[in-house]
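Peer 1: I'd like to ask some things about the structure below.
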Amino acid sequence: MSRCRSATERGLCAALLALLLAGCASSGTPKVSLYERLGGSEGIDAITFDLLARSVADPRIADDFAEADLVNLHERLVEQLCALSGGPCTYTGRDMRAAHAGLGLTEADFNALVEHLVDAMRARGVPLSAQNELLAILAPMQREVIRQ
Ligand code: HEM
């Protein structure tokens, strides 16, 4: 470091080095789980409620929910999102293929639901990085959910 010659500059360089090392060390510490960044049990409950409220009010997909037991759907979805994000829950519902068989869902339906999930997370102030992490977990499920 050619700039670390004088005592003042050496002091500054030492401080910068310490900051750099502290940054490296903290990147190795365990980060807060996705479950916690979604707001834990309360956050996931509220996000799921909002997601379903937005979905049943959306003329593009409302008909898909006409026969659904929304109370059960809310409970199962909360369990599932909690378990998938590293929370202390066990998913007790059907597998995704069985749960959506016969609904004839399309990619457009899937995208509409994801849109509502993003809006619900945004409304709760979920950080963008956490939103993206949850979407990345759900994305591969599309092939089990849409019409087979
Ligand atoms: C990654 C995307 C999705 C996930 C994680 C998901 C999750 C779930 C879960 C956990 C259940 C409850 C299963 C059970 O009762 O045992 C369910 C049921 C249901 N889902 Fe999805 N779902 C997804 C996409 C969609 C989409 C795109 C739609 C429609 C636009 C939809 C509509 C429904 C309906 C109507 C039911 C109730 C079926 C019934 O009562 O028989 N889902 N879903």
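The values are calculated or read from the model by the stated rules, or taken from the named source; none is laboratory data. Please read all numbers here as calculations on a predicted model, not as lab measurements. Ideal geometry is used to build each Cβ from the backbone, glycine not excepted, and the neighbour counts take in all protein chains shown. Ligands, DNA and RNA are excluded from the accessible area calculation, which covers all protein heavy atoms including side chains. Shrake-Rupley method; radii C 1.70, N 1.55, O 1.52, S 1.80 Å.
Peer 1: Can you name the residue in the range 84-107 that is under 19 Å from residue 45 (Cα atoms) and open to solvent by less than 40 Å² (accessible area, probe 1.4 Å) and is also nearest to the ligand (Cβ to nearest atom) among such residues?
Peer 2: So the residue we want is 93.
Peer 1: Test residue 11 against the stated conditions and say whether it is modelled with pLDDT under 95, more than 26 Å from residue 128 (Cα to Cα) and loosely packed, with under 14 Cβ neighbours inside 10 Å.
Peer 2: The answer is yes for residue 11.
Peer 1: Take the residues in the range 51-61 that are open to solvent by 30 Å² or more (accessible area, probe 1.4 Å) and either assigned to a helix (DSSP H, G or I) or within 8 Å of the ligand (Cβ to nearest atom) (or both); name whichever of them is farthest from residue 41 (Cα to Cα). Steps first, please.
Peer 2: Of the range 51-61, the ones open to solvent by 30 Å² or more (accessible area, probe 1.4 Å) are 53-54, 56-57, 59-60.
Checking which are either assigned to a helix (DSSP H, G or I) or within 8 Å of the ligand (Cβ to nearest atom) (or both) leaves us with 53-54, 56.
Details: 53: 18, 54: 20, 56: 23 Å.
The residue in question is 56.
Yes/no matrix, rows are residues, columns are (1) within 12 Å of the ligand (Cβ to nearest atom); (2) in a loop (DSSP other than H, G, I, E, B); (3) surrounded by 17 or more Cβ atoms within 10 Å (Cβ to Cβ):
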position: 41; (1), (2), (3): no, no, no
position: 44; (1), (2), (3): no, no, yes
position: 68; (1), (2), (3): yes, yes, no
position: 82; (1), (2), (3): yes, no, yes
position: 113; (1), (2), (3): yes, no, yes
position: 125; (1), (2), (3): no, yes, no
position: 130; (1), (2), (3): no, no, yes
position: 143; (1), (2), (3): yes, no, no
